[in-house]
Amino acid sequence: MPLNQLSTPLSKDDAYALVDAVMARDDLAITASAHEDAETGTWVFEATCDETPDVAAFAALAEALFGGALDFTVEPIDPSVNWVAKSLEGLKPVVAGGFYVYGSHDEATVPTVGVTPILVDAAQAFGTGHHETTAGCLEAIDRVLKKRQFRSMIDVGTGTGLLAIALAKRTRRPIIASDIDPVAVVTTDENARLNGVATFIRGIEAVGLDHPEITKAGPYDLIVANILVGPLVALAPDMRKAAAHGATIILSGILNTQVPRIVAAYHAQGIVVAEKLLKSEWATLILTRP
């Protein structure tokens with residue numbers, strides 16, 4: 001599908017505020033980010049859209065936030081360039097929850113003791129540990145694994161397979177890693193092989209939990225899903241069906257302002273929040289089905 005990038009210069013605080021506002025909606029962009037231009041020092045808001053951006057909607061949202069009009073620039077994204085990989089080049093290793101996530105260019109930096117190393121290079125799927133939501137999930141995984149053992153696990157919306165690999169390395173038990181994107185499934189299988197856990201991870205292309213193999217392997221006593229708030233809310237009934245009694249569910253991809261929406265949707269299914277981890281404006285929730 002054709003991708004377009006919409007951008008505008010803003011102050012750092014305003015750029016992040018607009019990111020929050022865009023990500024709180026499900027209809028404007030695939031993703032949004034704020035960054036400082038290395039050459040000019042100017043902060044920039046950017047949004048990636050899978051069709052022609054609704055500039056009027058962005059402008060209305062910005063005016064509601066800041067009380068004034070903004071000028072947005074729209075440029076097509078070159079489909080021949082792997083922009084995910086390009087944006088992740090040069091990222092440093094990440095330590096979260098005792099996991100050490102690194103790219104192959106940083107292999108010499110991997111500590112020999114005290115951490116669980118995970119090799120994930122930039123790829124055509126998201127999930128390298130650098131985003132607050134992924135790091136939050138790694139910390140949540142570390143916490144729940146210290147409290148109990150899990151026998152049946154699934155990572156929904158696996159991306160690069162990072163979270164499934166983290167679970168496999170710590171538990172040495174089978175894990176299903178599902179994603180709606182076939183590229184993500186291929187990437188997950190390859191990353192599992194590179195990390196020596198291919199025998200534990202089964203990649204499945206599926207929309208949410210809708211797949212006969214996922215149903216057959218359930219119910220699950222640990223479910224992890226780091227996606228977006230809209231799909232997480234929509235998946236709440238299916239999560240209840242897939243979760244065993246006493247199951248632990250880790251959810252992320254959630255802005256702190258969106259937490260009440262998630263809490264309400266899952267409470268209606270008899271699933272309650274046990275713990276909330278915050279990283280910047282992002283939340284990771286640890287829930288349980290009593």
For the range 4-81, shape from the Cα gyration tensor axes a ≥ b ≥ c, cut at a/c of 1.5 then a/b versus b/c, turns out oblate
The chain: longest segment with zero exposed GluC sites (Glu not before Pro), where exposed means DSSP loop plus at most 13 other C-beta atoms within 10 Å, is residues 90-290
Counting sequence-distant residues (5 or more places) and residues on other chains, those with an amide H built under 5 Å from that of residue 254 are 283
Computed for the chain: size of charge dipole around the Cα centre, +1 on C-beta of each Lys and Arg, -1 on C-beta of each Asp and Glu, debye to nearest 20, value 2080 debye
Per DSSP, the loop-located trypsin sites (Lys or Arg not before Pro) within the range 111-219 having at most 15 other beta carbons within 10 Å are 148, 151, 172
The residues 11, 152, 252, sorted from fewest to most surrounding Cβ atoms within 10 Å, come out as 11, 152, 252
Compactness summary of the chain: radius of gyration and Dmax from Cα atoms, Å, are 19.1, 56
For the range 135-243 (alpha-carbon point model, no solvent) the Debye-based log₁₀ I(q)/I(0) at q = 0.18, 0.19 Å⁻¹ works out to -0.83, -0.93
In whole Hz, the Karplus estimates of ³J(HN,Hα) for the range 99-110 (6.51, -1.76, 1.60; θ = phi - 60°; x where Gly or Pro) are 9, 10, 9, 9, x, 4, 6, 10, 4, 6, 8, 5
Amide H contacts under 5 Å for residue 201, restricted to residues at least 5 apart in sequence or on another chain and with H modeled in the peptide plane, are 175
Listed by chain and number, the residues whose amide H is under 5 Å from that of residue 243, excluding neighbours fewer than 5 places away on the same chain and using placed H, are 220
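Bear in mind these aren't lab numbers, they're just calculated from the coordinates by the rules spelled out. Everything numeric in this text was worked out from a predicted model, so none of it was measured. Virtual Cβ from ideal backbone geometry, glycine too; neighbours counted across all protein chains shown.
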